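Asks: Dumping the structure here so I can ask a few things about it.
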């Protein structure tokens, strides 16, 4: 791909989006137009350091706003779209699925229609190089047994309103390629973790709760298995699929890091015991806490909780040369250290007082290490 290219990234202020926008801008090959509605799972603080950067433009707005979306295509003339915007928290979808239908289904349809209208007016050369890359999830495939892996040929069997909405969006993307010829690519990833993840997701929730001396809630028996993928590895895979994948391609992207939920929580506790021992923190020492593992509590399982996810990434490794680079233990420690080092971001994302907690209970460790 020669020269600097303009792309639209939807949901660029969310968890994966923030990391992805940073990757694109850092690469030096792209000018990024970030369209984000800044709902609960996004955080304007995540990309504040890019404000004024010549390769970054932020637009606040919804992907369901056809007029706005179409105006962005007309104004910025992008070579492609990275569609990441989505409602993604399963528990919220169980309580109320309407927002998931509007954002994930209607929003994706709106993006596709606007992209198709724009694409039809391009020259043959630009039509050929245009790409609409849709980022999806392995949850659309349902639940695995004790063996086997999801791949690009796995039938869809969504079990939650969230995964049903993502499955629907995947089908629309596929249909727009086969019906209209729009050059689309779909990626289905496993569970992401890393910096900038919204604090109600499992790993950051456990970090925040542990450091506050609150219970660490584990659904059911804690034996549900997920394949964990460090967010930066995922972002590199998406970029590669956009640059080297062919229209109509689908790639499943996993970290080859299967972990039981209870094991993940225990590993978080072990790392926190090392980094911020509760016996050295007055607030937690007063509770008599000697290890964060003492806070683990098993709670009633959530409805439709899939037992196991695992992804076979053979195709993207073989065809595009992608490899996951960050192992789970290293990635988890890196993630925990990031949350401890960014209390202002956590406060903004959670509406909490994590920064105050850091100042009272953890700042001494930073001073000690200087």
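The values are calculated or read from the model by the stated rules, or taken from the named source; none is laboratory data. Just so it is clear, the model here is predicted, and its values are computed rather than measured. Don't worry about glycine lacking a Cβ; one is built from the backbone with ideal geometry, like all the others, and counts go over all protein chains shown.
Asks: Any residue at all in region 187-195 that is assigned to a helix (DSSP H, G or I) and surrounded by 22 or more Cβ atoms within 10 Å (Cβ to Cβ)? Let's see the steps before the verdict.
Replies: Initial filter on region 187-195 (assigned to a helix (DSSP H, G or I)): none.
Taking every residue of region 187-195 in turn, none turns out to be assigned to a helix (DSSP H, G or I) and surrounded by 22 or more Cβ atoms within 10 Å (Cβ to Cβ).
Asks: One residue is enough: does region 115-129 have a residue meeting the conditions assigned to a helix (DSSP H, G or I), under 15 Å from residue 63 (Cα atoms) and modelled with pLDDT of 95 or more? Give the steps one after another, and end with the answer.
Replies: Here is the first cut: in region 115-129, the residues assigned to a helix (DSSP H, G or I) are 115-120, 124-129.
Retained after the next criterion (residues that are under 15 Å from residue 63 (Cα atoms)): 115-116.
Subset that is modelled with pLDDT of 95 or more: 115-116.
Within region 115-129, one or more residues are assigned to a helix (DSSP H, G or I), under 15 Å from residue 63 (Cα atoms) and modelled with pLDDT of 95 or more.
Asks: Here is a list of conditions, (1) over 23 Å from residue 20 (Cβ atoms); (2) part of a helix (DSSP H, G or I); (3) touching a residue at least 40 places away in the same chain (Cβ under 8 Å), and residue 179 meets all of them except one; can you say which number that is?
Replies: (3)
Asks: While we're on this one: How many of the residues in region 206-231 are closer than 26 Å to residue 17 by Cβ, touching a helix residue (DSSP H, G or I) at 6+ places or on another chain (Cβ under 6 Å) and part of a helix (DSSP H, G or I)?
Replies: 3
Asks: Let me ask another. Consider only pairs whose beta carbons are under 7 Å apart and that are at least six residues apart or on different chains; among these, list those whose first residue lies in region 76-92 and is outside the structural domain of residue 43 (by TED's automatic domain parsing) and whose second residue is buried (at least 24 other Cβ atoms within 10 Å of the Cβ).
Replies: Pairs that qualify, where the first residue is outside the structural domain of residue 43 (by TED's automatic domain parsing) and the partner is buried (at least 24 other Cβ atoms within 10 Å of the Cβ): there are none.
Asks: Going residue by residue through region 329-343, is there one that turns out to be modelled with pLDDT under 95 and under 17 Å from the mean Cα position of the chain (by Cα)? Working first, answer last.
Replies: Of the residues in region 329-343, the ones modelled with pLDDT under 95 are 339-343.
Checking which are under 17 Å from the mean Cα position of the chain (by Cα) leaves us with 339.
Yes; the residues of region 329-343 include at least one that is modelled with pLDDT under 95 and under 17 Å from the mean Cα position of the chain (by Cα).
Asks: Mind checking which residues of region 252-269 are assigned to a helix (DSSP H, G or I) and either touching a strand residue (DSSP E or B) at 6+ places or on another chain (Cβ under 7 Å) or not assigned by TED's automatic domain parsing to the domain that holds residue 331 (or both)?
Replies: Step one: list which residues in region 252-269 are assigned to a helix (DSSP H, G or I), which gives 261-269.
Selection gives 261, 262, 265.
Asks: Also, quick follow-up: Could you tell me which numbered condition residue 347 fails, if it satisfies all but one of (1) touching a strand residue (DSSP E or B) at 6+ places or on another chain (Cβ under 9 Å); (2) surrounded by 15 or more Cβ atoms within 10 Å (Cβ to Cβ)?
Replies: Evaluating residue 347 over (1) touching a strand residue (DSSP E or B) at 6+ places or on another chain (Cβ under 9 Å); (2) surrounded by 15 or more Cβ atoms within 10 Å (Cβ to Cβ) leaves (1) as the failure.
Asks: Working only within region 285-302, note down all residues that are over 21 Å from residue 264 (Cβ atoms) and in contact (Cβ under 8 Å) with a residue 40 or more places away in the chain.
Replies: Once the filter is applied, which keeps residues that are over 21 Å from residue 264 (Cβ atoms) and in contact (Cβ under 8 Å) with a residue 40 or more places away in the chain, region 285-302 yields only 287.
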